[in-house]
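The values are calculated or read from the model by the stated rules, or taken from the named source; none is laboratory data. Given the structure is predicted, the values throughout are model-derived calculations rather than measurements. Don't worry about glycine lacking a Cβ; one is built from the backbone with ideal geometry, like all the others, and counts go over all protein chains shown.
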């Protein structure tokens, strides 16, 4: 059956990977002020960084998007856009769905307008 | 004399095919998820994912190494298609069977910080591998996978069934059921721009029918094996590394045949 000796050499590699992978301290933000030219979205289903990459990628494909910041724990995506870039709710919902998640609500729009 | 030599060759071929069958773990999970079982996770729309896998298997003290390259594409956020090609070294070396696979997530419920999903998977491996490395026949797999993935806890359950067709020399390897339960725990807080670790442990059952040759059951084939499979999922951005080991805890194989000693697998994935 299982022989410990035969896979013992793999232990150091596993330990090294574990050590490298230990999470870093959370960076406290505390700010509720959203950038002027941004959409702030509450997204359901965000649970891991590897999945969340899809959200960044979907928005990166859209014209006028500069970058997307994601807070997995809060379930928030901040989409920074160039001035004048506008998306409808249906578009935002579609982008989030195509990333594999669900748009809960739009918290903030460019110019500070609230829905 | 010639007939005897041919008979010996056929027997050797059959042994190699059965060994390949024993070594074969469930098809790779298609996108990140549990290491030794099926994952309900599908890629985002338009995603390209590259996957490199290594598996070391020891059965009855005989080791084999399998290297797998996979490519996947997210047709939409619920439908992923892919292909894979293994290369094996050990008692026999060479390119294995080329495979096509697909998965469709037909139900998902996104909640704050959690996702539940149910996915159907299908795969076919064609008889393209080298003698003694490939299965010697085309195989089909169907599976159903459920997953709950949250910020702190993960749990997956899946069931799969592999149908093997009759190959050369009239050998038909036994069909196999795969039953899997997996739990996962994230010790820290996931931060998008930071490395992330999830520890997982699974319980995997493999129930294999007897193989048949020219319509006759082979006595020393088939049976049940149960494994415990600890491992980890390490993520950094759009990179994913998943090492794990499968340790047999119960074995009820028919007749006289070697049991699995262990399987070690590490998978590396990146998508963009």
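Below is a table of values for the structure above.
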read-out	value
Within the stretch A:59-115, strands (runs of 3 or more DSSP E) holding 1 or more residues that are loosely packed, with under 13 Cβ neighbours inside 10 Å and within 15 Å of the chain's Cα centre (by Cα)	A:65-71
Neighbours by Cβ (under 6 Å, 6+ apart or cross-chain): first from the stretch A:40-58, at negative phi and more than 7 Å from chain B (Cβ to nearest Cβ); second assigned to a helix (DSSP H, G or I) and surrounded by 24 or more Cβ atoms within 10 Å (Cβ to Cβ)	A:43/A:96
Residue in the stretch B:30-37 that is within 11 Å of chain A (Cβ to nearest Cβ), at pLDDT 90 or above and assigned to a loop (DSSP other than H, G, I, E, B) present	no
Those residues of the stretch B:135-152 which are assigned to a strand (DSSP E or B) and under 30 Å from residue B:188 (Cβ atoms), in sequence order	B:145, B:146, B:147, B:148, B:149, B:150
Residue within the stretch B:87-100 that is under 27 Å from residue B:191 (Cβ atoms) and buried (at least 16 other Cβ atoms within 10 Å of the Cβ) present	no
Residue within the stretch B:162-177 that is buried (at least 17 other Cβ atoms within 10 Å of the Cβ), on the phi < 0 side of the Ramachandran plot, at pLDDT below 95 and out of contact with any strand residue (DSSP E or B) (no Cβ under 7 Å at 6 or more places or on another chain) present	yes
Selection count, the stretch B:218-246, where residues are under 23 Å from residue B:157 (Cβ atoms) and surrounded by fewer than 19 Cβ atoms within 10 Å (Cβ to Cβ)	4
Hits in the stretch B:205-217 (condition: crowded, with 17+ Cβ neighbours inside 10 Å and either over 27 Å from the mean Cα position of the chain (by Cα) or not in a strand (DSSP E or B) (or both))	B:209, B:210, B:211
When residues of the stretch B:228-272 are limited to those that are more than 8 Å from chain A (Cβ to nearest Cβ) and outside any strand (DSSP E or B), the one nearest to residue B:70 (Cα to Cα)	B:258
Test: residue in the stretch B:38-47 that is surrounded by fewer than 16 Cβ atoms within 10 Å (Cβ to Cβ), in contact with a strand residue (DSSP E or B) (Cβ under 8 Å, 6 or more places away or on another chain), within 14 Å of chain A (Cβ to nearest Cβ) and within 30 Å of residue A:73 (Cα to Cα)	no
Residue tally, condition surrounded by fewer than 17 Cβ atoms within 10 Å (Cβ to Cβ) and within 27 Å of the chain's Cα centre (by Cα), over the stretch B:188-198	0
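Condition check ((1) in a strand (DSSP E or B); (2) at the interface with chain A (Cβ under 10 Å from one of its Cβ atoms)) across all residues:
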| position | (1), (2) |
| --- | --- |
| B:130 | no, no |
| B:133 | no, no |
| B:154 | yes, yes |
| B:162 | yes, no |
| B:181 | yes, no |
| B:187 | no, yes |
| B:191 | no, yes |
| B:203 | yes, no |
| B:226 | yes, no |
